[in-house]
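A quick write-up on the structure given underneath.
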Amino acid sequence: RTTMKSLRFISAEAFVSNAEFARRSLGAVAHDLFPLLFKASYLLEQGEVIHNLVENWPLSDFNVGKLLGATLDCPEDLSRRTCSVCLESCLTGLRDYVLNQSSPYMKKLKVVDLTGIKDVEFQFCKCKKTMGRWTRTQLLCKLCSELLVYLQQSQCNPGTFEISISVLIDLFVTERNYELVVQALLKKCSCPLKICCVAFRSDNLTLQKFFYIIKLTDPSLLRKLEIVHNVRLEMEHLEILFNSIHFPLLMSLTLPARTFNVRRFTATDEQMLSNIGEKMSEMTQLTELSMSFSILTGRIQKLLSPLKTPLKMLDVSNCSLNHADMAYLANSFHANHLEALDLSGHDIPELYPSTFFKLLNHCSSVLRSLTLEDCNIQDTHVNMLILGLSPCQKLQEFKFIGNPLSSQALKHLFTFLCELPMLKNVEFPVPRDCYPIGITYPTDDASLCRFDHQKYERVAEELNLILLQANREDVKASTPLFGSYDAAVQEINNELGAYLIKSFKETLEKFTTSFNKMS
């Protein structure tokens with residue numbers, strides 16, 4: 001597809017390149033040209049122009065993802081540019097749209113959709129400063145609160161209070177922005193900008209605060225719920241959550257590590273697990289489920305069989321699955337629909353090779369992403385792996401970090417991977433022969449970086465050469481030793497680090513107190 005801009009778009013760029021001229025001329029611009037001018041301003045990072053465009057937006061909807069996506073006038077997709085200058089200008093422009101003293105009858109805007117913005121690792125904007133999901137949450141809630149204060153203290157046009165704009169957003173809440181978000185949600189009814197939470201992520205929150213804020217978000221609208229780091233949600237809390245709150249539109253659910261631990265199950269716990277499965281079956285839209293680092297040995301069927309809708313994404317990494325679990329997955333109605341599957345942390349070749357390949361065969365026609373990290377895949381298993389992956393012609397992503405494979409085996413595997421037409425991303429392990437003799441797998445953090453870096457670079461070059469010779473420059477191959485990029489973690493890593501230090505200190509103090517009592 002052509003990447004050339006149209007003459008219309010080039011003209012739009014010329015128009016917005018002078019902020020003062022654009023401001024003076026905006027009143028004479030046809031309404032249907034505003035989207036074109038918005039994208040041109042975003043591309044050129046013309047913050048002042050973006051602000052003025054949004055403040056005077058003449059249309060009924062403002063969908064950032066669509067406005068920045070590929071168009072005939074400009075095929076470049078800008079929705080991955082989370083440019084701080086541009087996004088702050090959008091949001092402050094939205095606040096000033098409400099405050100703008102032009103007649104409220106001229107204001108048509110009803111829906112603002114901020115959910116199409118994609119947070120990625122590498123930014124191409126000139127300012128190099130991003131505005132991630134947490135900061136977008138913070139800024140929108142701050143602007144809503146400021147807007148309410150201003151409206152209450154100022155003599156505004158009475159019609160201003162009749163303005164009602166639904167702002168669809170993916171909220172990201174931690175301890176640090178909790179109070180601000182709570183205040184914005186509590187005052188939602190009074191504010192012209194109505195926060196509509198479509199997706200909710202929670203890190204670093206007490207259970208009490210999580211339960212309080214999730215009710216404020218209007219769970220009936222929620223499509224995605226992520227409860228991730230440092231939220232101590234266990235199975236009994238999950239049952240309470242599902243019993244007290246309904247999520248009719250929920251499509252994606254991520255649970256924190258150790259939500260389930262079947263090793264200490266009682267008869268009551270078994271019943272609780274069944275109840276959770278039944279409650280999940282009421283979520284008829286649910287197609288994505290992540291339960292990594294829980295212990296679910298022998299219980300996958302009990303949890304997943306009640307579901308009435310087949311799963312498209314399943315993450316059961318490091319869940320201690322046994323043969324019965326894998327057999328259920330391979331034979332379940334989910335198998336033919338799985339587009340993304342993560343089975344990391346399971347010794348697949350040793351525990352259930354044939355059952356795994358049966359599962360892979362069943363989902364091969366739709367599978368887009370496969371993650372098999374720390375699965376003890378060795379050189380002797382590569383031919384079988386190639387055989388299993390051959391039907392997966394839609395595979396776009398394959399991650400297999402942490403497996404004890406030699407340089408030679410990786411070259412053999414890469415030669416095959418070149419044949420997968422849709423493949424875009426490969427995460428491969430440091431070859432075993434780059435580590436000292438006697439290295440054990442899975443490798444601990446101390447040993448992870450103790451390999452021959454020069455030899456690794458040579459092997460990585462050879463693997464990229466295999467891709468190059470097969471005309472597969474479109475495939476990105478890398479070895480992220482400490483896991484794939486996570487935009488959310490990256491944005492709040494200081495807060496997470498402080499929480500871990502605090503937890504460690506509290507644990508140490510408890511240990512010291514107990515030790516002193518014993519003494």
Completion exercise
The condition from (1) buried (at least 21 other Cβ atoms within 10 Å of the Cβ); (2) more than 20 Å from residue 126 (Cβ to Cβ) that residue 16 misses is numbered (2)
Practice task
Would you confirm whether any residue within the range 61-77 is within 25 Å of residue 139 (Cα to Cα) and in a loop (DSSP other than H, G, I, E, B)?
Solution key: yes
Exercise for the section: Quick one: count up the residues across the range 129-177 that are closer than 24 Å to residue 206 by Cβ and aromatic (Phe, Trp, Tyr). Expected result: 2
Handout entry: Search result, residues across the range 155-195 that are hydroxyl-bearing (Ser, Thr, Tyr) and either at pLDDT 95 or above or open to solvent by 40 Å² or more (accessible area, probe 1.4 Å) (or both)
Key = 164, 166, 174, 178, 190
Completion exercise
The lone condition residue 34 fails out of (1) out of contact with any Lys or Arg (no Cβ under 8 Å at 6 or more places or on another chain); (2) open to solvent by 20 Å² or more (accessible area, probe 1.4 Å); (3) touching a residue at least 24 places away in the same chain (Cβ under 8 Å) is (2)
Problem - Test result for residue 149, among the β-branched types (Val, Ile, Thr) and free of Cβ contacts under 8 Å to residues at least 40 places away in the same chain - result: yes
Problem - Matching entry among 13, 20, 55 (being closer than 19 Å to residue 112 by Cα, at pLDDT 95 or above, out of contact with any Cys (no Cβ under 7 Å at 6 or more places or on another chain) and charged (D, E, K, R)) - result: 55
Problem - Complete set of residues in the range 445-488 that are on the phi > 0 side of the Ramachandran plot and modelled with pLDDT of 95 or more - result: 471
Practice task
Return a yes/no flag: does the range 166-179 have any residue that is without any contact (Cβ under 8 Å) to a residue 40 or more places away in the chain and of a type in the set (A, V, I, L, M).
Solution key: no
Exercise for the section: Kindly establish whether residue 351 is modelled with pLDDT under 95, over 19 Å from residue 254 (Cβ atoms) and among the hydrophobic types (A, V, I, L, M, F, W, C). Expected result: yes
Fill in the blank from the handout: Within the range 262-290, residues being modelled with pLDDT of 95 or more and not in a helix (DSSP H, G or I) number 9
Practice task
Collect the residues in the range 101-123 that are surrounded by fewer than 17 Cβ atoms within 10 Å (Cβ to Cβ), at pLDDT 85 or above and within 22 Å of residue 160 (Cβ to Cβ), keeping them in residue-number order.
Solution key: 108, 110, 111
Exercise for the section: Run residue 212 past the list (1) farther than 30 Å from residue 161 by Cβ; (2) part of a helix (DSSP H, G or I) and report the number of the one that doesn't hold. Expected result: (1)
Practice task
Name the single residue, out of those in the range 124-154 being open to solvent by less than 30 Å² (accessible area, probe 1.4 Å), of a type outside the set (A, V, I, L, M) and not in a helix (DSSP H, G or I), that is nearest to residue 488 (Cα to Cα).
Solution key: 132
Practice task
Report those helices (runs of 4 or more DSSP H) wholly inside the range 386-488 carrying at least 3 residues which are open to solvent by 50 Å² or more (accessible area, probe 1.4 Å).
Solution key: 407-417, 453-469
Problem - In the range 217-234, the residues that are free of Cβ contacts under 8 Å to residues at least 40 places away in the same chain and open to solvent by 40 Å² or more (accessible area, probe 1.4 Å) - result: 218, 220, 221, 232, 234
Practice task
Could you check residue 93 against (1) more than 30 Å from the chain's Cα centre (by Cα); (2) under 21 Å from residue 144 (Cβ atoms); (3) not in a loop (DSSP other than H, G, I, E, B) and say which number it fails?
Solution key: (1)
Practice task
Name the residue, out of 266, 309, that is more than 24 Å from residue 333 (Cα to Cα), out of contact with any helix residue (DSSP H, G or I) (no Cβ under 6 Å at 6 or more places or on another chain), hydroxyl-bearing (Ser, Thr, Tyr) and open to solvent by 30 Å² or more (accessible area, probe 1.4 Å).
Solution key: 266
Practice task
Within the range 314-323, identify whether any single residue is out of contact with any Gly (no Cβ under 6 Å at 6 or more places or on another chain), on the phi < 0 side of the Ramachandran plot and open to solvent by 50 Å² or more (accessible area, probe 1.4 Å), and answer yes or no.
Solution key: yes
Exercise for the section: Inspect the range 275-282 for any residue being surrounded by 20 or more Cβ atoms within 10 Å (Cβ to Cβ), in contact (Cβ under 8 Å) with a residue 40 or more places away in the chain and over 30 Å from residue 62 (Cα atoms) and give the result as yes or no. Expected result: yes
Practice task
Select from the range 236-261 the residues that are more than 23 Å from residue 309 (Cα to Cα), outside any helix (DSSP H, G or I) and open to solvent by less than 70 Å² (accessible area, probe 1.4 Å) and list them in ascending order.
Solution key: 257, 261
Practice task
Sort out which residues of the range 365-385 are hydroxyl-bearing (Ser, Thr, Tyr) and either in contact (Cβ under 8 Å) with a residue 40 or more places away in the chain or not in a helix (DSSP H, G or I) (or both), and write them in order of number.
Solution key: 365, 369, 371
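The values are calculated or read from the model by the stated rules, or taken from the named source; none is laboratory data. Bear in mind the structure is a predicted one, so any value in this text is a computation, not a measurement. Don't worry about glycine lacking a Cβ; one is built from the backbone with ideal geometry, like all the others, and counts go over all protein chains shown. What goes into the accessible areas is simple: the full protein's heavy atoms, side chains included, and nothing from ligands, DNA or RNA. Shrake-Rupley method; radii C 1.70, N 1.55, O 1.52, S 1.80 Å.
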